[in-house]
Amino acid sequence: MALEAGKKCLCIPDGRGGYTAYEISAPAVGEKCILLPDGKGGYTAVGVSAPSVGDKVPVVPDGKGGYLTWSPETVNQIVVWGAWRYDAFELVSGVPEGRGYEKIAANNSTCIAIKTDGSIVGWGNDDFNQVSDIPSGTDFVAISGGGSQYFLTLKEDGSLVAWGSEYYGLVVPNTPSGNDFDTIGTGSYFALAIKTDGSIVGWGDDTNRLISDIPSGTDFVEGDAGAYHACARKSDGSIISWGSNYYGQVSGTPPGTDFIAISCGDGHSLALREDGTIAAWGWNEQGQVSNTPTGTDFIAISANGWTSMALKADGTIAAWGHNSQYQVSDIPTDANFVDVACGGIHGIALRG
């Protein structure tokens, strides 16, 4: 739409020796904006609304040789911490620059993320081609990391793709085919997926009867696994655990029908209740159970190895358990995070 004559506008080079004018408005207090030099040593704040698909948008330098637009692609930046503070496997320095990420996952020493365009990026340990074999495409909707060896992803069409180590046949040829999968979960040597009919499929190592004792039924909505145990959440909010009970991973499963999320570490499990409280059970060698924070303001949980993490409603992150790589003590302290994932030696979060 042509701008009204005499109206203030933002002029951006059009790449052909001219400029394109964009309508601007003064941003409200707290509104995201673009800062442009005012020619007097300061800046002018320019409010820019999120564009619809196909809209023309203003593009400004991001200070790193690229450009930013105010659009869905400018939200959610990745932050990583821990990794022994000397950047093991370049987990910190290898974080992809910019914004535009929707989902994150970590295994012991590798990270992956799904971008807003549905593609996957990864960095960190590549001993089993966890990074170099990342599948191409822009139709991925969920990701999960298993142990230090592999990743599993779910595509828009309901099919599964796995890559990394062939140990125990987790990747090929045992990853199931089909287009009827809805959610995924991974353990050290065992993976599971819940089908659209609510049933559970598992593959990999059957030590401790992780495959043999998969619960029957068609009312499951979420599943995850640790080193030798697994958990699943039913549509009524209850939890079932199976596999090794050496540390009480099975017998310690809390009763109730008010759970909205689950996550498994190597030998312990977490569950998030509707009221925002966290339940923890299983192995407690590093305080990953006994140091679980109290409170009713948690909205997401993640466990891996001997460490636990959670996201609070105010956007801050809590962490407890194993801290030998500073994955607990070095958590970021700002309050604008929208997701968190616990790795084996690190943490990863999305900053909104």
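Read-outs: derived from the displayed coordinates by stated rules, not from any lab. Since this is a predicted model, take the numbers as computed values, not measurements. Reconstructed Cβ throughout: ideal geometry from the backbone, glycine too, with neighbour counts over all protein chains shown.
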| remark: Burial-style ranking of 86-98, 152-164, 258-270, 107-119, average other-beta-carbon count within 10 Å with highest first, yields 258-270, 107-119, 152-164, 86-98
| message | Please state the shape class of region 298-340: rounded when a/c is under 1.5, otherwise prolate if a/b exceeds b/c and oblate if not, all from the C-alpha gyration tensor. | response | oblate
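Please find the FRET efficiency linking THR218 to ASP334, where r is the Cβ-Cβ separation and R0 is fixed at 41 Å, and quote it to the nearest 0.05.
Working: r = 43 Å, r/R0 = 1.04.
Efficiency, from the Cβ-Cβ distance: 0.45.
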| remark: Using alpha-carbon positions, the gyration tensor of region 75-351 gives root eigenvalues a ≥ b ≥ c; with a/c under 1.5 called rounded, otherwise prolate if a/b exceeds b/c, else oblate, the class is rounded
| request: Give LYS115/LYS234; LYS234/LYS312; LYS115/LYS312; LYS115/LYS155 a once-over and call out the pairs whose C-alpha atoms are over 18 Å from each other. | output: LYS115/LYS234; LYS234/LYS312; LYS115/LYS312
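Taking square-rooted eigenvalues a ≥ b ≥ c of the alpha carbon gyration tensor, is region 186-264 rounded, prolate or oblate, where a/c under 1.5 means rounded and, failing that, a/b exceeding b/c means prolate?
Oblate is the answer for region 186-264, as a/c is 1.5 or above yet b/c matches or exceeds a/b.
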| remark: Env charge @ TYR168, Cβ radius under 15 Å, K,R +1 / D,E -1, value -2
| message | Please rank ILE120, ILE240, fewest neighbouring Cβ atoms within 10 Å first, as an exposure proxy. | response | ILE240, ILE120
| Residue-count net charge about THR183 - beta-carbon cut-off 11 Å; Lys, Arg +1, Asp, Glu -1 | -1
| query | Tell me, what is the FRET efficiency for THR207 and SER159 to the nearest 0.05, using R0 = 22 angstrom and their Cβ-Cβ distance as r? | reply | 0.20
| request: In nm, give the distance between the simple-model label positions of THR257 and GLU285, each being 7 Å from the Cα along the Cα-to-Cβ direction. | output: 3.8
| task | Would you kindly state how much longer the chain becomes between GLU166 and SER235 on full extension, computed as 0.36 nm times their sequence separation minus their alpha carbon distance, in nm to one decimal? | result | 21.6 nm
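Provide the net charge surrounding SER324, with neighbours chosen by a C-beta distance below 15 Å and charges set as Lys +1, Arg +1, Asp -1, Glu -1.
Working: positive: ARG85; negative: ASP266, GLU285, ASP330.
Net of charged neighbours comes to -2.
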| request: Give me the distance between the Cα centres of region 113-139 and region 167-242, rounded to whole Å. | output: 22
| Say each of ASP133 and ASP182 gets a label point 7 Å from the Cα, pointing the same way as Cα to Cβ; how far apart are those two points in nm? | 3.0
